[in-house]
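Undergrad: Here you go, one structure.
The values are calculated or read from the model by the stated rules, or taken from the named source; none is laboratory data. This structure is a prediction, so every number in the text was calculated from the model and none was measured. No Cβ is skipped: glycine too gets one built from the backbone with ideal geometry, and neighbour counts run over all protein chains shown. Accessible surface is based on the protein model in full, side chains and every heavy atom, while ligands, DNA and RNA are left aside. Shrake-Rupley method; radii C 1.70, N 1.55, O 1.52, S 1.80 Å.
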Amino acid sequence: QVQLVESGGGSVQAGGSLRLSCVASRYIINRYCMGWFRQAPGKEREGVAAIERDGSTRYSDSVKGRFTISQDNAKNTLYLQMISLSTEDTAVYYCAAGSGCPSFARYLYTYWGQGTQVTVSS
């Protein structure tokens, strides 16, 4: 499908974990590189993680070592495993597909999901 559908968001205590999922069409997941972005209230949307066709990954400094991006092509699904969550991770998380991975430049991403809310409480 053209649209990307995220799931797995919710509320969690600091230190907890969540796994976000993004279901895409086979066309999208095979043609484009995939990434996760997030947008906190009052802030710009920022790249969090990206994965290239060869499996190489890139993470923002704020999540490196805590978040893991992966793909399951058999399920046409992109994942973001998040551990050791903090209140600073609270944001709407978006799945995206584009041509510029591992870049986090938003203009290089063509398709976007509607977002899933992640709320981390202290």
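Undergrad: Could you check segment 58-98 and list, in sequence order, the residues that are more than 19 Å from residue 6 (Cα to Cα) and of a type in the set (S, T, N, Q)?
TA: 60, 62, 84, 86, 87
Undergrad: Condition test on residue 93, is it in contact with a strand residue (DSSP E or B) (Cβ under 8 Å, 6 or more places away or on another chain), part of a strand (DSSP E or B) and surrounded by fewer than 21 Cβ atoms within 10 Å (Cβ to Cβ)?
TA: Judged against the criteria, residue 93 is not a match.
Undergrad: Something else about it: Out of segment 47-74, which residues are more than 14 Å from residue 20 (Cα to Cα) and exposed (fewer than 15 other Cβ atoms within 10 Å of the Cβ)?
TA: Within segment 47-74, 52, 53, 54, 55, 56, 61, 62, 64, 65, 73, 74 meet the criteria.
Undergrad: Considering only residues that are touching an Asp or Glu at 6+ places or on another chain (Cβ under 9 Å), in a strand (DSSP E or B) and closer than 11 Å to residue 4 by Cβ, which ones fall in segment 104-122?
TA: Scanning segment 104-122 gives 113, 116.
Table: residues versus (1) out of contact with any Pro (no Cβ under 9 Å at 6 or more places or on another chain); (2) in a strand (DSSP E or B); (3) of a type in the set (A, V, I, L, M, F, W, C).
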residue	(1), (2), (3)
6	yes, yes, no
12	yes, yes, yes
16	yes, no, no
20	yes, yes, yes
27	yes, no, no
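Undergrad: Residue 53: more than 21 Å from residue 91 (Cα to Cα), among the charged types (D, E, K, R) and touching a strand residue (DSSP E or B) at 6+ places or on another chain (Cβ under 8 Å), yes or no?
TA: When the stated conditions are applied, residue 53 passes them.
Undergrad: Next question, about the same structure. Give me the residue from segment 44-87 that is in a strand (DSSP E or B), among the polar types (S, T, N, Q) and out of contact with any Lys or Arg (no Cβ under 8 Å at 6 or more places or on another chain) and, out of that set, nearest to residue 111 (Cα to Cα).
TA: Checking each candidate, the answer is 77.
Undergrad: On to the next question. Would you point out which residue out of 25, 84 is on the phi < 0 side of the Ramachandran plot and of a type outside the set (A, V, I, L, M)?
TA: 25
Undergrad: Still on this model: I need the full set of residues from segment 4-46 which are open to solvent by 50 Å² or more (accessible area, probe 1.4 Å), hydroxyl-bearing (Ser, Thr, Tyr) and modelled with pLDDT of 95 or more, in order please.
TA: Result: 7, 11, 17.
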